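Since every read-out is calculated from the coordinates, none of them should be taken as a lab result. Predicted model, so just to flag it, every value in this text is computed and none were measured. Counting neighbours? That spans all protein chains shown, and the Cβs are built from the backbone with ideal geometry, glycine included.
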Amino acid sequence: MKLLLLCLGLTLVCAHHEENHDVVTSNFDMSKISGEWHSTLLASDVKEKIEEQGSLRMFVESIQALDNSSLLIRCHKKINGECAELTFICDETEEEGVYSAIFDGYNEFHIVEADYNDYLILYAMNSNKQKKTQVMVLLARKPDVSPQIKKRFEELCKDRGIPKENILDLTNVYPCSHARGNPGAQASSGQ
Ligand SMILES: *[C@@H]1O[C@H](CO)[C@@H](O)[C@H](O)[C@H]1NC(C)=O
């Protein structure tokens, strides 16, 4: 009986291990984060900053690790109702793995967790005139991720004091595809 339980236990440990074998939480290989990404969940302790008109509401499209250890990040963002493509060169700070970008003040960010072929969780601290805002984003290689990964993201947000109600699901939100064609076409003819 004991042996059977031990076997069962080992099987469970192995199965669990295998499930997580690609998840990296330190010493990230930045070349492996290059490529296209989709913003799936976006969270902040200051929710207005990531809501419809919020300055930090951004949709990451791609990340490219440059030879000089800087990152090139392409995003889409609605500015005054119009879609804009933003490109950031983010230099590595003195701290390894921590990058900086100037946008709506000063931002420092780092990767919290990654499974290079599946998802990437970024944590950023925005500082603007003494005000600090935390932002977390879950990027995915596909337009959506599994519920388990979303749950994991919620936990990591909670660890940093960001409650569940401050997490926005962007998987069905298209920042630009509608704006590109004819932005004025939707004018309502209310009576
Ligand atoms: C790295 O290269 C990019 C593109 O050439 C440049 O814009 C950026 O300033 C460079 N970063 C550093 C730290 O030199």
- Query: What FRET efficiency comes out for the pair K142/Y106, r = Cβ-Cβ distance, R0 = 25 Å, nearest 0.05?
  - Reply: 0.20
- Taking the mean number of other Cβ atoms within 10 Å as a proxy for protection, how do you rank 150-156, 56-62 from highest to lowest? 56-62, 150-156
- Note on the structure: Here the residues of the range 89-123 lying in the modelled label zone of K151, meaning backbone nitrogen under 11 Å from a point 7 Å along Cα-to-Cβ, are none
- Item | Approximate spin-label separation T25-Y174, in nm, with each point projected 7 Å along Cα-to-Cβ | 3.8 nm
- Item | Set of lysines near K49 by C-alpha distance (under 30 Å), chain-local residues within fewer than 8 positions excluded | K32, K77, K78, K129, K131, K132, K142, K150, K151, K158, K164
- Note on the structure: Here the net charge surrounding A101, from other residues whose Cβ is less than 14 Å away from its Cβ (Lys, Arg +1; Asp, Glu -1), is -2
- Message: 7 Å from Cα along Cα→Cβ at both K47 and K132: what's the point-to-point distance in nm?
- Response: 2.3 nm
- Item | Per-residue HN-Hα couplings for the range 34-48 [Karplus 6.51, -1.76, 1.60; θ = phi - 60°; Hz; x = Gly/Pro] | 5, x, 7, 9, 10, 6, 10, 10, 10, 9, 7, 6, 10, 4, 4
- Item | Potential lengthening between N117 and K158 on full extension [0.36 nm per residue; Cα-Cα distance subtracted] | 12.3 nm
